[in-house]
Amino acid sequence: MKLLLVDPSSIFRMGMKTALAAAPRTGDLEVVGECDDGATACALAVALQPDVLVADLHLGDRNGIALARQLARTAPAVRVLILASHGPEAIVHQALGAGAGGYALKGQSSDEVIAAIRRVGLGELVLPPGVVAPPPRVVGARVDKNGGSHVIERLSQRERQIFDLVIWGSSNKQIAGRLGISIKTVETHRGHINGKLRVHTSADIVRLASLWGMFLGAPGQPPSTDGSLPQ
């Protein structure tokens, strides 16, 4: 089973490799790559096609949930295990909704973490101690019910810009000023967004964004308006 380790701490990655080498019955677990940021992880996942990508929740350029969501599109065969220092149930559910195969804690024993890696590699759902599994509709919710790409890909670039600004609490007037368009144009785009995502209000949009793990970036920093997916 090929592994890709993604963690901002080189010491932690070294410790993981040491634990894998020292643990019994792990001769088939091979670390084929490692890095400390999401952009490199995406490139390595495509190039190396590991069986399991083990990622920290907090990376320098994005969070592990956003990384899992992106890999679901660019490297769907790669299974993702989020390995974090904490695991509130809401965050765990967001990770699973974004496409992660499991979530484990750095405070668990090395044997437990290695077992979690194996289980995720086999396609099993892994949860940290004390966390209840979410309803099936949440797991993999990033994907269209017909098996297509993330439903947010239905939005045009301008609609995606407005979507991002809505989830950061911007009013139609503020969005218009930021993007240099009229309020009426914003309202038109908002109508298209609501139709494509089957929502009715800003609160509905915020709930979707929460489910997809879009609130783990840099708090207080408005997203870019280039239409890119959240980092």
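A Cβ-based charge dipole, computed about the Cα centre of region 2-121 with Lys and Arg at +1 and Asp and Glu at -1, lands at about 240 debye. Counting only residues at least eight positions apart within a chain, or on another chain, the lysines with an alpha carbon under 16 Å from that of LYS2 are LYS17. With 0.36 nm allotted per residue and the present C-alpha distance subtracted, the THR201-ARG73 stretch has 43.3 nm of extension available.
Entry note: region 151-211 has Rg to Rh equal to 0.92, where both radii use alpha-carbon atoms and Rh is the Kirkwood radius. Mean separation of Cα pairs under 8 Å and 6 or more residues apart, divided by the residue count, gives region 2-121 a relative contact order of 24 percent.
Looking at region 2-121 alone, DSSP beta bridges between its own residues are antiparallel in about 5 percent of cases.
Packing order of peptides 58-70, 163-175, highest average first: 58-70, 163-175 (average count of other Cβ atoms within 10 Å over each peptide's residues).
Over region 2-121, the alpha carbon radius of gyration divided by the compact-protein estimate 2.2 N^0.38 Å works out to 0.94.
Relative contact order of region 151-211, please, whole-number percent, based on alpha carbon pairs below 8 angstrom and at least 6 residues apart. Write out the running numbers ahead of the final one.
Numbers: 40 pairs, mean separation 23.9, N = 61.
This gives 39 percent for region 151-211.
For LYS17, the shell of other residues with beta-carbons less than 13 Å away shows a net charge of -2, using +1 for Lys and Arg and -1 for Asp and Glu. Once backbone amide H atoms are built at 1.01 Å from N, GLY102 has VAL80, ILE82, VAL126 as its partners under 5 Å, excluding neighbours fewer than 5 places away on the same chain.
Starting from 0.36 nm per residue, how many nanometres of slack lie between PHE12 and SER171 once their C-alpha separation is accounted for?
Using 0.36 nm per residue and subtracting the Cα-Cα distance, I get 53.0 nm.
We did not get these values from a lab; they are worked out from the coordinates using the rules stated. As the structure is a prediction and not an experimental result, all values here were calculated from the model. Ideal geometry is used to build each Cβ from the backbone, glycine not excepted, and the neighbour counts take in all protein chains shown.
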